[in-house]
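The values are calculated or read from the model by the stated rules, or taken from the named source; none is laboratory data. Please read these numbers as outputs of a predicted model, since none were measured by experiment. No Cβ is skipped: glycine too gets one built from the backbone with ideal geometry, and neighbour counts run over all protein chains shown. Please note that ligands, DNA and RNA were not included when accessible areas were found on the heavy atoms of the full protein model with its side chains. Shrake-Rupley method; radii C 1.70, N 1.55, O 1.52, S 1.80 Å.
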Amino acid sequence: MSRRLRRKLMNVFALSLSGVATLIGLAFLAAILWTLFKNGLAGLTKFPIFSQSTPPPGGSGGLLNAIYGSVVMTLIGILIGAPIGMLAGTYLAEYGRTARLSIVIRFVNDVLLSAPSIIIGLFVYEMLVVSMGHFSAIAGAVSLAVIALPVTVRTTEDMLNLVPQGMKDASTAMGAYHWRTITSVVYPAARSGLVTGLLLSIARISGETAPLLFTALNNQFFSSNLNAPMANLPVVIFTYAQSPYENWQQLAWSGALLITLSILFLSILARFLLSALGPGSGRR
Amino acid sequence: MAVETVAATVPRHAAAQRLREKLFRGATFVAAILVLTLLGAIAVSLFIGAYPALARFRFGFLTQEIWNPVTEKFGALAAVYGTLVTSFIAMALAVPISFGIAVFLTELAPVWLRRPVGVAIELLAAVPSIIFGIWGLFVLAPVLQHTVQPWLIDTLGPLPVIGSLFQGPPYGIGVLTAGVVLAIMVIPFISAVMRDVFETVPDVLKESGYGLCATTWEVIWKVVVPHSRTGMVGGIMLGLGRALGETMAVTFVIGNAHRISRSLLAPGTTISASIANEFTEAVGKLYTSSLVALGALLFLITFAVIAAARFMLLRMERRALSSV
């Protein structure tokens with residue numbers, strides 16, 4: 001075999017393998033979505049998902065308490081985590097852009113961004129659950145806030161950096177103080193980017209299970225008491241999928257479908273907003 | 001009169017503005033410092049929680065395989081072993097596939113196809129880990145049990161040395177299955193970083209390769225890969241950090257057995273799976289503390305891996321900036 005032919009064959013072989021690798025990746029996504037639809041869709045119409053709370057084994061019921069708990073804890077988590085994260089991101093992008101401290105903070109934030117979520121759960125357990133003496137929805141919300149925080153810091157800094165320096169200079173030249181420039185010029189200019197960051201952090205925390213296991217725990221009944229354990233979709237899916245009861249398993253699949261669809265919807269919406277921002281923006 | 005008012009209000013106005021500036025600046029600074037202290041607080045609280053167990057077992061905690069809640073003897077070895085082995089399997093499977101995806105997305109795919117395929121792979125990263133867990137338990141594990149595992153036992157099992165990795169009955173769930181699920185989970189992360197790194201390779205370098213009649217593959221292997229080596233390793237380490245700490249997906253499929261088996265088909269456990277499974281059921285201070293100590297150990301391991309990854313990516317970014 002000539003050297004030229006061998007090189008050509010090697011080229012075709014390697015590139016086909018890369019195509020196969022991509023197909024494998026896509027196949028996994030397709031397989032997971034297909035399984036979710038196959039096992040979860042029937043339950044959405046068969047059970048009173050949105051109107052009744054989780055049933056006892058063998059009984060009939062829905063996921064109302066879990067959906068309510070997930071929404072409430074995600075919202076509180078975002079309400080705590082996002083403002084702090086946006087302020088910190090503002091510091092990194094505006095006030096401390098070149099400070100040595102900022103380099104350290106960026107690094108620490110990146111570490112927090114990829115820290116295992118179960119560690120966050122243990123941390124909040126040690127901080128809140130131990131001192132309060134019991135599991136509670138508020139502890140669950142705080143652990144979600146800790147996970148949302150680094151995400152918002154990162155996206156806020158990235159998005160603020162996209163605002164053209166000329167706009168900020170123009171505001172400063174008119175005599176505006178820095179805070180006025182940031183709140184009246186920079187934030188509005190970066191608005192859709194900031195909203196994207198918010199959506200991404202909501203998507204990130206709404207499927208988190210590990211940190212809720214020993215902070216919010218779970219609740220068989222409907223509860224709106226923030227100071228008590230609260231049901232939530234991920235933990236319900238976790239316990240019900242491992243249970244031997246068929247109706248619980250079916251509920252787990254329906255919950256899984258519900259949660260995946262909402263997260264994929266949020267992610268796609270965020271991407272759509274980003275691409276509306278203009279080509280090239282939003283890339284790291 | 002009017003002159004007086006203006007003269008009086010302008011300094012007052014300016015003072016109010018200065019105060020607000022101070023307040024806003026102070027608020028952003030405090031928030032930034034909070035991020036910094038958060039990491040410290042996590043480390044401190046974990047080690048305080050782990051102290052009773054560490055004081056009791058000392059270094060034995062790291063070297064003992066035993067995990068017996070009844071006699072209150074705890075050692076982390078089995079969990080650490082499971083964590084490392086599952087992550088190793090995951091990386092062995094995920095790195096080549098991620099590399100292939102990154103090559104496909106940057107060099108091979110027609111431009112109109114790049115974005116949709118890239119987004120689809122990224123969406124795989126958005127799927128919550130618990131979904132991978134139930135999918136792994138109900139779909140992947142039976143498939144592995146009935147097809148892949150019997151084949152492994154029949155073909156690789158009789159071989160010397162590596163044969164011992166593929167002994168025993170095909171349970172379906174176990175270390176190997178956990179590794180496969182982890183691989184699927186980290187593929188989108190590694191391939192996203194690799195794609196971004198490949199895109200930073202200057203076109204001039206690639207074109208000079210093509211100018212010498214190199215094939216596409218030769219340009220990738222001999223120009224793109226050497227140029228992006230640091231960034232690639234950074235991306236792989238980032239994926240490794242994720243695999244080491246992943247909880248829910250592993251908990252479903254690993255089998256939760258605190259023992260070290262030679263065979264990859266046997267059930268085992270990981271640090272995160274042990275914590276997730278046992279924490280709420282743990283009775284007694286020593287049991288809880290031992291689980292927190294496992295968490296502290298995981299924190300140390302992942303912190304080291306993630307820090308190394310970030311350093312490499314940072315170096316890569318600096319070099320990319322300086323070469324522009």
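Each 10 Å bin from 0 upward holds the following percent of the Cα-Cα pairs of region B:260-324: 18, 27, 26, 16, 11, 3.
If you plug the beta carbon distance of B:T155 and A:M10 into 1/(1 + (r/R0)^6) with R0 = 25 Å, you get a FRET efficiency near 0.35. Placing +1 on each Lys and Arg Cβ and -1 on each Asp and Glu Cβ, with no other charges, gives the protein assembly as shown a dipole about its Cα centre of roughly 1320 debye. In a DSSP loop and with at most 10 other Cβ atoms within 10 Å, the trypsin sites (Lys or Arg not before Pro) in region B:35-138 are B:R58. In chain B, once you exclude exposed GluC sites (Glu not before Pro) (DSSP loop, at most 15 other Cβ within 10 angstrom), what's the longest stretch remaining? Here the longest segment lacking exposed loop sites spans B:73-324. Relative to its Kirkwood radius, the Cα radius of gyration of region A:154-214 gives an Rg/Rh of 1.21. With R₀ fixed at 25 Å, the C-beta to C-beta distance from B:K22 to A:R100 puts the FRET efficiency at about 0.70.
Rounded if a/c is under 1.5, else prolate if a/b beats b/c, else oblate: with a ≥ b ≥ c from the C-alpha gyration tensor eigenvalues square-rooted, which is region B:104-229? It comes out oblate by the Cα gyration axes. Across region A:75-82, computed HN-Hα scalar couplings (Karplus, 6.51 cos²θ - 1.76 cosθ + 1.60, θ = phi - 60°) run 4, 4, x, 5, 5, 7, x, 5 Hz from first to last residue, x flagging Gly and Pro. Mean separation of Cα pairs under 8 Å and 6 or more residues apart, divided by the residue count, gives region B:83-188 a relative contact order of 52 percent. The loop-placed trypsin sites (Lys or Arg not before Pro) in region B:233-301, going by DSSP, that have at most 14 neighbouring Cβ atoms within 10 Å of their Cβ come out as B:R262. A straight chain from A:S60 to A:K38 at 0.36 nm per residue would run longer than the Cα-Cα distance by 5.9 nm.
Each 20 Å bin from zero up to the one holding the largest Cα-Cα distance in chain B carries the following percent of pairs: 25, 46, 22, 6, 1, 0. In the Gaussian network model of chain B, springs joining C-alpha atoms below 10 Å, which of B:S129, B:S263, B:S45 carries the largest mean-square fluctuation? The residue with the greatest mean-square fluctuation here is B:S45.
Solvent-accessible area lost on pairing B with A (1.4 Å probe, both sides summed) amounts to about 7500 Å². Would you compute the Debye intensity of region A:36-97 from its alpha-carbon atoms alone, equal scatterers and no solvent, and pass along log10 I(q)/I(0) at q = 0.13, 0.17 Å⁻¹ to two decimals? Rounded to two decimals, the profile gives -0.56, -0.70. Note on chain A: percent of Cα-Cα distances in each 5 Å bin, starting at 0 and stopping at the bin with the largest distance, equals 1, 5, 10, 12, 13, 13, 12, 10, 8, 6, 4, 3, 2, 1, 0, 0. In a simple Cβ point-charge model (Lys, Arg +1; Asp, Glu -1; nothing else charged), chain A has a dipole of about 1420 debye relative to its Cα centre.
Distance between the modelled labels on A:A30 and A:K46, one decimal in nanometres: 2.7 nm (7 Å Cα→Cβ projection). Considering only B:A141, B:I89, B:V283, and ranking their Cα positions along the charge dipole of the protein assembly as shown that arises from unit charges at the beta-carbon of Lys, Arg, Asp and Glu, the one farthest toward the positive end is B:I89. For region B:167-324, the spherically averaged projection of the C-alpha convex hull amounts to 12.2 nm². Taking 0.36 nm per residue of separation and subtracting the Cα-Cα distance, full extension of the segment from B:A125 to B:I162 would add 10.1 nm. Sites listed here are GluC sites (Glu not before Pro) in region A:144-246 whose DSSP assignment is loop and whose Cβ has at most 13 other Cβ atoms within 10 Å, and the list is empty. For A:V20 and B:K222, the FRET efficiency from 1/(1 + (r/R0)^6), where r spans their Cβ atoms and R0 equals 22 Å, is about 0.50. Note on region B:88-136: Kirkwood hydrodynamic radius from all Cα pairs is 12.3 Å, rounded to one decimal. Averaged over its residues, region A:93-235 has an accessible area of 36 Å² per residue, based on protein heavy atoms and a 1.4 Å probe. The simple spin-label model puts a point 7 Å past each Cα toward its Cβ; for A:R3 and B:R319 those points are separated by 2.9 nm. The share of accessible area on chain B that comes from carbon and sulfur is 70 percent, using a 1.4 angstrom probe. Build a GNM of chain B with springs between Cα atoms under 10 Å apart, and of B:L39, B:L137, B:L123 the one that fluctuates most is B:L39. log₁₀ I(q)/I(0) of the protein assembly as shown at q = 0.08, 0.09, 0.11, 0.12 Å⁻¹, via Debye over equal Cα point scatterers, no solvent, to two decimals? Debye curve over Cα of the protein assembly as shown, log10 I(q)/I(0) at q = 0.08, 0.09, 0.11, 0.12 Å⁻¹: -0.61, -0.77, -1.12, -1.31. The slack in the chain from A:A170 to A:F222, taken as 0.36 nm per residue of separation less the alpha-carbon distance, amounts to 13.3 nm.
With the convex hull drawn around the C-alpha atoms of region A:107-242, the volume per residue stands at 141 Å³.
Selection among A:A173, B:I190, B:A120 by position relative to the dipole of the protein assembly as shown gives A:A173 as farthest towards the positive end (Cβ unit charges, Cα centre).
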